[in-house]
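Engineer: I'd like to ask some things about the structure below.
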Amino acid sequence: MKYKYIIPIIASSLMLLTSCDDNLMEWKKVEGHGEIASSELPLALAEKITRYEPLKNYSTFNLGNGIGVSLYLEDETYRSIVNANFDEVVPGYEMKHGAMVKSNGSIDFTTMDKFVTETKKAGLSLYGHTLVWHSNNNASYLNGLLAPTIIPGSSGANSLNIAGLKDGTFSGWSRNNPGAGISIVDGAGLTSTSKAIKLISSATSSQAYNLQLTSPAVPIVSNHNYEISFYVKSDVTGKGRISFNSSLTNMYPWKDWFATGGSFTEAFSTTSAWKQVKIKLAPGDFATGATSFQFNLDLGYLPNVTYLIDVNTLAVVDLDAATGPVNLIANGTFNSGITGWNRINGATDALSAGTGAANVYEGSGSMKVVNATSDAGGQWKTQIQTTFISSLVAGKSYTISYMIRSEANGSVRCSTTPSTNASYQADQSTTTTWKLIEWKITAKGGETGFGFDLGGTAGTYYIDNVLVTDGSSSGSGQTDPITIEKTDAEKTQLIDGAMTDWISKMMTHFKNDVHAWDVVNEPVKEDGSLRDGVVTDMANDEFYWVKYLGKDYAVKAFKLARQYGNSTDKLFINDYNLESRLDKCDGLINYVKYIESQGATVDGIGTQMHISLTTDKAKIDQMFQKLAASGKLIKISELDIRLGTKSPTAVQLADQSAMYQYVIDSYKKYIPVAQQYGITIWGVSDNEQEHEYWLPDESPNVWDASYKRKHAYKGVADGLAGKDVSKDFSGELQP
């Protein structure tokens with residue numbers, strides 16, 4: 001039968017609509033999906049597909065779509081397809097740790113809040129994807145938590161004699177009131193090799209002087225300022241002060257003990273964490289005619305407290321003494337701005353002064369450099385330089401050192417000038433934590449300056465304490481920074497806290513808007529064993545929570561999600577290749593059993609199903625049978641079907657349609673209705689803007705690159721409806 005009326009046919013990605021031959025427009029019998037090749041009936045098939053209703057009209061469960069948030073917010077065509085065809089949306093990236101957590105650990109909800117508002121208007125529900133995964137993390141922030149702690153040294157040469165402490169004799173020191181004991185303990189300081197003074201208050205201790213250690217005499221230079229500093233901790237909360245002999249006009253001064261710019265108090269507090277005490281004495285603090293002073297460590301305020309003071313950090317510094325190595329550049333501290341440093345290459349706003357406590361390593365300033373574009377071979381494209389006080393001497397050794405941090409993982413190198421005689425440092429990695437970098441060179445002769453080359457990796461960098469020296473010194477100099485590696489227990493505690501902070505804030509913020517979540521994503525290897533985080537070539541956004549929290553990391557994640565979310569939220573675990581590796585499917589199910597044996601509840605299991613035409617259908621059936629036997633809600637969470645090309649043939653498109661229908665048919669056949677959470681199709685179309693990072697040069701989706709329905713649309717719709725919907729179409733077309 002011929003059509004009485006012919007309407008313009010919307011082109012599909014079948015790309016075969018090249019003929020208007022009426023004999024190709026006959027309705028023919030289609031007993032089963034895909035039995036008639038689309039090349040035989042291209043116009044009739046395309047017409048059928050245009051007459052299908054929106055996909056969600058054929059579904060009896062949640063029909064979701066994995067989408068790009070920015071595309072949804074900005075592209076009207078894309079948004080209208082999503083709104084018309086789906087019940088639920090799953091943000092592909094924007095809800096993950098890497099997208100939301102900033103360099104300081106805070107969470108930026110701005111984009112997702114806008115997305116929630118728009119999807120609510122469209123009547124769409126939002127599925128949370130994903131809370132805990134080893135990829136798409138702000139790994140720079142998380143690794144920064146684990147980085148060694150760098151303890152600044154004293155501000156200058158230590159003029160306090162601590163030899164008697166180092167050898168345990170207390171020579172020059174007086175244990176005036178020893179309380180329950182004052183001794184020297186090896187390996188009890190800031191590092192495993194440093195000594196500590198151990199001071200124990202007695203059971204009756206109640207006055208500061210009940211536990212007192214007095215220093216040797218420290219010589220005074222007229223009109224000089226002094227600084228006293230040390231690191232201290234205690235087994236329980238403690239309290240202490242520093243008092244002085246009669247060389248000070250006020251023997252019991254109130255001070256800002258931690259030099260924080262806070263209030264002045266009689267005493268400082270101590271805890272189980274190392275804390276630096278740092279106070280300053282001005283010339284006016286000393287009595288007239290005083291030539292030296294002594295101080296007392298008074299720790300007797302509270303009974304039964306054990307204090308440790310690191311010996312190596314106990315120092316008295318003459319702040320006005322000419323000490324330290326000779327710096328061959330004029331401004332390496334940036335305490336008075338960035339005078340002497342110039343932008344040679346880079347954006348006009350690339351160079352500025354750094355401010356803020358996190359961005360200044362020591363003192364009151366740093367140098368801030370912003371590189372906008374990554375260019376692995378173009379380090380020189382953002383380049384900041386300064387000049388030496390005098391040119392370098394050929395054959396002589398020099399050391400360039402500096403402290404640097406970046407707001408994300410970055411890269412830096414140094415190079416000397418002029419370029420005709422330059423030496424180049426190898427690229428050095430940077431992180432959010434301050435790092436000391438040294439570059440030792442042998443001068444070629446005639447070098448007039450050097451610079452920082454930061455064009456390799458885009459980011460914001462802060463540089464402080466730049467020192468160029470040939471080894472000569474005007475004094476003993478500042479004490480070196482101390483690097484303290486965190487213990488395994490400390491790392492576990494820090495990552496535990498980071499997970500708690502992340503999940504609690506996400507669940508609380510979205511409590512009224514999201515009622516189903518991928519709590520843990522991709523926890524098992526291909527053989528079904530648990531991922532252990534042992535990876536040789538780790539990506540910049542990879543972070544394996546399991547390395548620090550162990551097998552129970554998922555237990556904690558599910559408990560947190562339940563604690564801070566709603567009691568009725570559906571919490572899923574999700575993984576891929578379950579249809580191709582049945583041992584992996586078994587491993588995931590067993591891990592769910594383990595999680596629940598530890599007191600957490602897992603509501604559902606997601607199987608991603610990023611598959612192709614060659615995927616074994618028998619294994620698909622077996623996977624669904626195994627998942628059904630778990631008794632959990634089952635979700636196809638990220639369904640797409642690759643064809644291996646972005647220019648598929650009509651046969652490939654027909655086969656893709658058949659495979660979409662097969663997956664849906666198998667899901668409905670083997671997963672009991674009560675366990676059918678739903679199906680999420682991953683992505684909308686084959687448009688290249690959706691495939692910049694995922695399956696480029698492919699055609700895995702239900703709409704083509706021009707947002708027209710593909711043959712796959714019919715396969716999905718028929719699978720959801722459980723029949724060939726087009727059999728009910730009449731031959732009468734409406735104009």
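Engineer: Considering ALA357, ALA422, ALA376, ALA350, which residue is surrounded by 13 or more Cβ atoms within 10 Å (Cβ to Cβ) and within 26 Å of ASN138 (Cα to Cα)?
Structural biologist: Details: ALA357 fails: surrounded by 13 or more Cβ atoms within 10 Å (Cβ to Cβ); ALA422 fails: within 26 Å of ASN138 (Cα to Cα); ALA376 fails: surrounded by 13 or more Cβ atoms within 10 Å (Cβ to Cβ).
Only one candidate qualifies: ALA350.
Engineer: So in segment 457-492, with the set limited to residues that are surrounded by 14 or more Cβ atoms within 10 Å (Cβ to Cβ) and part of a helix (DSSP H, G or I), which one is modelled with the lowest pLDDT?
Structural biologist: Step by step, filter segment 457-492, then rank; the result is GLU490.
Engineer: I would also like to ask the following. Checking the structure you have, find out if any residue of segment 532-544 is in contact with a strand residue (DSSP E or B) (Cβ under 8 Å, 6 or more places away or on another chain) and not β-branched (Val, Ile, Thr).
Structural biologist: At the first step, the residues of segment 532-544 found to be in contact with a strand residue (DSSP E or B) (Cβ under 8 Å, 6 or more places away or on another chain) are none.
No, segment 532-544 contains no residue that is in contact with a strand residue (DSSP E or B) (Cβ under 8 Å, 6 or more places away or on another chain) and not β-branched (Val, Ile, Thr).
Engineer: Follow-up question, since we're still on this one. Where residues in segment 84-97 are assigned to a helix (DSSP H, G or I) and either among the hydroxyl-bearing types (Ser, Thr, Tyr) or surrounded by 19 or more Cβ atoms within 10 Å (Cβ to Cβ) (or both), which of them is nearest to the chain's Cα centre (by Cα)?
Structural biologist: As a first pass, look at segment 84-97 and keep what is assigned to a helix (DSSP H, G or I): 84-85, 97.
This time we only want the ones that are either among the hydroxyl-bearing types (Ser, Thr, Tyr) or surrounded by 19 or more Cβ atoms within 10 Å (Cβ to Cβ) (or both), so: 85, 97.
Numbers: ASN85: 34, HIS97: 7 Å.
Ranking the candidates gives HIS97 first.
Engineer: Another one. Which number in (1) over 23 Å from ALA46 (Cβ atoms); (2) in a loop (DSSP other than H, G, I, E, B); (3) polar (S, T, N, Q) marks the one condition that THR645 misses?
Structural biologist: With respect to (1) over 23 Å from ALA46 (Cβ atoms); (2) in a loop (DSSP other than H, G, I, E, B); (3) polar (S, T, N, Q), THR645 is out only on (1).
Engineer: Checking TYR693 against (1) without any contact (Cβ under 8 Å) to a residue 12 or more places away in the chain; (2) part of a helix (DSSP H, G or I), which single condition isn't satisfied?
Structural biologist: Of (1) without any contact (Cβ under 8 Å) to a residue 12 or more places away in the chain; (2) part of a helix (DSSP H, G or I), only one is false for TYR693: (2).
Engineer: Can you tell me which residue is nearest to LEU639 (Cα to Cα) among those in segment 41-72 that are in a helix (DSSP H, G or I) and in contact with an Asp or Glu (Cβ under 6 Å, 6 or more places away or on another chain)? Walk me through how you get there before you give the answer.
Structural biologist: Taking segment 41-72 first, the residues in a helix (DSSP H, G or I) are 42-51, 55-58, 69-72.
Now restrict to residues that are in contact with an Asp or Glu (Cβ under 6 Å, 6 or more places away or on another chain): 56, 69.
Values: LYS56: 16, VAL69: 18 Å.
Selected residue: LYS56.
Engineer: Filter segment 679-704 for residues that are surrounded by 18 or more Cβ atoms within 10 Å (Cβ to Cβ), within 19 Å of ASP75 (Cα to Cα) and of a type outside the set (Val, Ile, Thr) and give the result.
Structural biologist: Once the filter is applied, which keeps residues that are surrounded by 18 or more Cβ atoms within 10 Å (Cβ to Cβ), within 19 Å of ASP75 (Cα to Cα) and of a type outside the set (Val, Ile, Thr), segment 679-704 yields TRP682, GLY683, SER685, ASP686, ASN687, GLU690, HIS691, ASN701, TRP703, ASP704.
Engineer: Quick one: would you say ILE664 is part of a strand (DSSP E or B), at pLDDT 95 or above and on the phi < 0 side of the Ramachandran plot? Walk me through how you get there before you give the answer.
Structural biologist: On the way: part of a strand (DSSP E or B): no; at pLDDT 95 or above: yes; on the phi < 0 side of the Ramachandran plot: yes.
Taking the combined requirement at face value, the residue does not satisfy it.
Matching residues to (1) over 25 Å from ILE150 (Cβ atoms); (2) surrounded by fewer than 16 Cβ atoms within 10 Å (Cβ to Cβ); (3) touching a strand residue (DSSP E or B) at 6+ places or on another chain (Cβ under 8 Å):
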position: LYS233; (1), (2), (3): no, no, yes
position: LYS239; (1), (2), (3): yes, no, yes
position: SER243; (1), (2), (3): yes, no, yes
position: LEU248; (1), (2), (3): yes, no, yes
position: MET251; (1), (2), (3): yes, yes, yes
position: GLY261; (1), (2), (3): no, yes, no
position: SER269; (1), (2), (3): no, yes, yes
position: TRP274; (1), (2), (3): no, no, yes
position: GLY284; (1), (2), (3): yes, yes, no
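Engineer: Which is touching a Ser or Thr at 6+ places or on another chain (Cβ under 6 Å) and either at pLDDT below 95 or surrounded by fewer than 16 Cβ atoms within 10 Å (Cβ to Cβ) (or both), of SER106, SER154?
Structural biologist: Details: SER106 fails: touching a Ser or Thr at 6+ places or on another chain (Cβ under 6 Å).
Selected residue: SER154, the only one of SER106, SER154 that is touching a Ser or Thr at 6+ places or on another chain (Cβ under 6 Å) and either at pLDDT below 95 or surrounded by fewer than 16 Cβ atoms within 10 Å (Cβ to Cβ) (or both).
Engineer: Give the residue that is farthest from the chain's Cα centre (by Cα), with candidates limited to residues of segment 574-603 that are buried (at least 17 other Cβ atoms within 10 Å of the Cβ) and polar (S, T, N, Q).
Structural biologist: SER580
Engineer: Continuing with the same structure: So which residues in segment 104-138 are touching a strand residue (DSSP E or B) at 6+ places or on another chain (Cβ under 8 Å) and aliphatic (A, V, I, L, M), if there are any at all?
Structural biologist: ILE107, MET112, VAL116, LEU124, LEU126, LEU131, VAL132
Engineer: Additional query: State all residues of segment 110-136 that are assigned to a loop (DSSP other than H, G, I, E, B) and either of a type in the set (A, V, I, L, M) or surrounded by 15 or more Cβ atoms within 10 Å (Cβ to Cβ) (or both); if no residue qualifies, say none.
Structural biologist: Narrowing segment 110-136 to residues assigned to a loop (DSSP other than H, G, I, E, B): 122-124, 133-136.
Passing the criteria: ALA122, LEU124, TRP133, HIS134, SER135, ASN136.
The values are calculated or read from the model by the stated rules, or taken from the named source; none is laboratory data. Given the structure is predicted, the values throughout are model-derived calculations rather than measurements. Quick reminder, even Gly has a Cβ in these numbers, built from the backbone with ideal geometry, and neighbours come from all protein chains shown.
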